[in-house]
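Here is the structure we will look at.
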Amino acid sequence: MHELFSNEEAPMSDITINIVGNIFVDKPIIIKNCSDLTIAADTNTQIFGGYQNVKWNKSGNLLSARIDTMPRMLIINDKVRKTAQYPQNGYLKSKDKCTLEWQNSLNGGWNKKPTHDELTKITVDTKDIPKNLDIENCDIRMLHTWDESIVSVKYYDSATGTIFLKHEAAHPSGAFERNEFLFLNTRLGISEPGTWYYDKNEKILYYHPQKNETAENITSFIPQSNGILKLENCKNITIKNLCFSLSNSESGKISGLRAINPIGALCFDKCENILVKNCTVSYSGGQGVKFLKCKNLNVSDCLIEKCASCGIVCHECENENINFNRIRNVGLCD
């Protein structure tokens with residue numbers, strides 16, 4: 001944690017923080033229960049939440065780097081690279097049949113609430129699962145109808161063809177008569193140049209370089225911190241003239257409708273009277289800017305770009321004024 005924010009858990013009032021020079025954080029800056037707080041810079045100072053130009057080693061035809069936390073994005077030479085998947089084209093199909101009936105969102109969704117067991121299991125044809133698939137290192141992408149789930153695998157019972165998930169999916173497997181799924185973050189799918197996967201046990205990131213890319217000539221950016229700046233229960237907040245880059249978001253945890261669940265690089269929770277002005281948010285593994293249960297917020301003259309999920313998210317907020325912003329190249333990751 002940077003020394004400027006060393007007392008972020010203590011209540012603050014009438015504080016102005018002028019940042020000079022770039023800052024690197026390995027975990028999010030959390031500020032709670034403050035009022036009349038301004039965080040600003042004279043020029044576009046950068047606050048980074050990840051790695052720049054890590055040391056790559058050659059591992060056969062792949063490049064590897066030791067990284068403590070699984071990233072949701074990998075940026076090589078200013079391009080977001082694709083997570084390795086299996087199958088590389090198309091989808092597999094589960095064997096599950098969901099008997100629940102969807103009413104509609106206003107009537108509570110399902111006619112009966114899905115159980116934890118229904119939301120954390122997928123039954124597959126064992127013939128579809130290659131013996132050399134590193135399945136317990138994978139995330140599963142399940143297609144629903146208007147949304148999808150990306151959930152990490154807990155373990156696989158090859159005798160019954162049952163995959164158990166670490167988190168609940170948005171809907172049961174087979175819901176809406178949809179059974180398509182695929183595996184993300186798998187060694188088996190990294191045969192295509194420009195793809196990558198993360199070994200969760202070894203904590204090593206593997207990348208299949210494209211033609212003419214070497215450990216010495218690639219420029220890499222890897223998000224690490226799950227969010228960069230989080231404010232909770234704060235009032236009268238001004239954030240201006242700052243750049244937030246390389247924010248991570250937990251991989252393998254349900255994205256949800258409108259990808260609501262991933263964290264934002266800049267996140268406000270139960271805050272009031274917020275001004276975010278002339279800021280840049282880029283290379284976020286989740287949202288760019290996220291507001292939850294906030295009142296009286298103003299976002300203007302900002303650039304939000306290259307985010308895995310959405311640019312700006314407001315959920316259960318009141319009196320939002322969002323204008324004169326540029327939002328581009330978002331929704332980049334599965």
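Find the residue count for the range 115-127, including only residues that are β-branched (Val, Ile, Thr) and either in a loop (DSSP other than H, G, I, E, B) or open to solvent by 60 Å² or more (accessible area, probe 1.4 Å) (or both).
The qualifying residues number 3.
Taking Met73 as meeting all but one of (1) under 25 Å from Asn201 (Cβ atoms); (2) open to solvent by 30 Å² or more (accessible area, probe 1.4 Å); (3) part of a loop (DSSP other than H, G, I, E, B), write down the number of the exception.
That leaves (2) as the condition not met.
Looking at (1) touching a residue at least 40 places away in the same chain (Cβ under 8 Å); (2) loosely packed, with under 12 Cβ neighbours inside 10 Å, find the lone condition where Leu63 falls short.
It fails just one condition, (2).
Do you know which residues across the range 143-162 are part of a loop (DSSP other than H, G, I, E, B) and farther than 21 Å from Ala175 by Cβ?
Passing the criteria: Ser158, Ala159.
Return a yes/no flag: does the range 63-79 have any residue that is over 29 Å from Phe221 (Cβ atoms), among the small types (Gly, Ala, Ser) and modelled with pLDDT of 95 or more.
No, the range 63-79 has no match at all.
Part of a strand (DSSP E or B), among the basic types (Lys, Arg), in contact with a Lys or Arg (Cβ under 7 Å, 6 or more places away or on another chain) and closer than 30 Å to Leu297 by Cα - does that describe any residue in the range 228-237? Walk me through it before giving the result.
Initially, the range 228-237 is screened for residues part of a strand (DSSP E or B), giving 229-232, 235-237.
Retained after the next criterion (residues that are among the basic types (Lys, Arg)): 230, 235.
From the residues that got through so far, the ones that are in contact with a Lys or Arg (Cβ under 7 Å, 6 or more places away or on another chain) too are none.
Checked the range 228-237: no residue is part of a strand (DSSP E or B), among the basic types (Lys, Arg), in contact with a Lys or Arg (Cβ under 7 Å, 6 or more places away or on another chain) and closer than 30 Å to Leu297 by Cα.
Would you mind finding the one in Asn212, Asn261 that is at pLDDT below 95, open to solvent by 10 Å² or more (accessible area, probe 1.4 Å) and within 23 Å of the chain's Cα centre (by Cα)?
Being at pLDDT below 95, open to solvent by 10 Å² or more (accessible area, probe 1.4 Å) and within 23 Å of the chain's Cα centre (by Cα) holds for just one of Asn212, Asn261, which is Asn261.
Taking the condition open to solvent by less than 90 Å² (accessible area, probe 1.4 Å), out of contact with any Phe, Trp or Tyr (no Cβ under 8 Å at 6 or more places or on another chain) and either farther than 17 Å from Gly161 by Cβ or assigned to a loop (DSSP other than H, G, I, E, B) (or both), does Pro130 pass?
Considered against the rule, which asks whether it is open to solvent by less than 90 Å² (accessible area, probe 1.4 Å), out of contact with any Phe, Trp or Tyr (no Cβ under 8 Å at 6 or more places or on another chain) and either farther than 17 Å from Gly161 by Cβ or assigned to a loop (DSSP other than H, G, I, E, B) (or both), Pro130 comes out as no.
Can you name the residue in the range 133-163 that is exposed (fewer than 14 other Cβ atoms within 10 Å of the Cβ) and small (Gly, Ala, Ser) and is also farthest from the chain's Cα centre (by Cα) among such residues?
Ala159
One line per residue, one yes/no per condition, for (1) part of a helix (DSSP H, G or I); (2) at pLDDT 95 or above; (3) of a type in the set (Lys, Arg); (4) farther than 14 Å from Leu229 by Cα:
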| position | (1), (2), (3), (4) |
| --- | --- |
| Leu266 | no, yes, no, no |
| Lys290 | no, yes, yes, no |
| Asn298 | no, yes, no, yes |
| Cys310 | no, no, no, yes |
| Asn321 | no, yes, no, yes |
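Do we find that Lys240 is closer than 22 Å to Asp26 by Cβ, open to solvent by 10 Å² or more (accessible area, probe 1.4 Å) and either touching a residue at least 24 places away in the same chain (Cβ under 8 Å) or not in a strand (DSSP E or B) (or both) in this structure?
For Lys240, the condition - closer than 22 Å to Asp26 by Cβ, open to solvent by 10 Å² or more (accessible area, probe 1.4 Å) and either touching a residue at least 24 places away in the same chain (Cβ under 8 Å) or not in a strand (DSSP E or B) (or both) - is not met.
Please pick out the residue among Lys203, Lys235 that is within 17 Å of Thr83 (Cα to Cα), open to solvent by 40 Å² or more (accessible area, probe 1.4 Å) and in contact (Cβ under 8 Å) with a residue 24 or more places away in the chain.
Selected residue: Lys203, the only one of Lys203, Lys235 that is within 17 Å of Thr83 (Cα to Cα), open to solvent by 40 Å² or more (accessible area, probe 1.4 Å) and in contact (Cβ under 8 Å) with a residue 24 or more places away in the chain.
If I filter the range 84-114 down to residues being at pLDDT 95 or above and among the hydroxyl-bearing types (Ser, Thr, Tyr), which single residue comes out as least open to solvent (accessible area, probe 1.4 Å)?
Taking the candidates together, the pick is Ser94.
Identify, by number, the condition in (1) open to solvent by 50 Å² or more (accessible area, probe 1.4 Å); (2) farther than 29 Å from Gly311 by Cβ; (3) not aromatic (Phe, Trp, Tyr) that Thr219 doesn't meet.
(2)
Take Glu250 and tell me if it is of a type in the set (Asp, Glu), surrounded by fewer than 24 Cβ atoms within 10 Å (Cβ to Cβ) and touching a Phe, Trp or Tyr at 6+ places or on another chain (Cβ under 9 Å).
Criteria not met by Glu250.
Give me the residue from the range 13-45 that is surrounded by fewer than 17 Cβ atoms within 10 Å (Cβ to Cβ) and among the hydrophobic types (A, V, I, L, M, F, W, C) and, out of that set, modelled with the highest pLDDT.
Ile30
Restricting attention to the range 275-312, which residues are over 17 Å from Arg72 (Cα atoms), surrounded by 21 or more Cβ atoms within 10 Å (Cβ to Cβ) and of a type in the set (A, V, I, L, M)?
If the condition is that a residue be over 17 Å from Arg72 (Cα atoms), surrounded by 21 or more Cβ atoms within 10 Å (Cβ to Cβ) and of a type in the set (A, V, I, L, M), then Val276, Leu297, Val299, Ile304, Ile312 are the ones that fit.
The values are calculated or read from the model by the stated rules, or taken from the named source; none is laboratory data. As the structure is a prediction and not an experimental result, all values here were calculated from the model. Positions of Cβ are generated from backbone atoms using ideal geometry, with glycine treated the same way; all protein chains shown enter the neighbour counts. The area values use the complete protein model at the heavy-atom level, side chains included, leaving out ligands, DNA and RNA. Shrake-Rupley method; radii C 1.70, N 1.55, O 1.52, S 1.80 Å.
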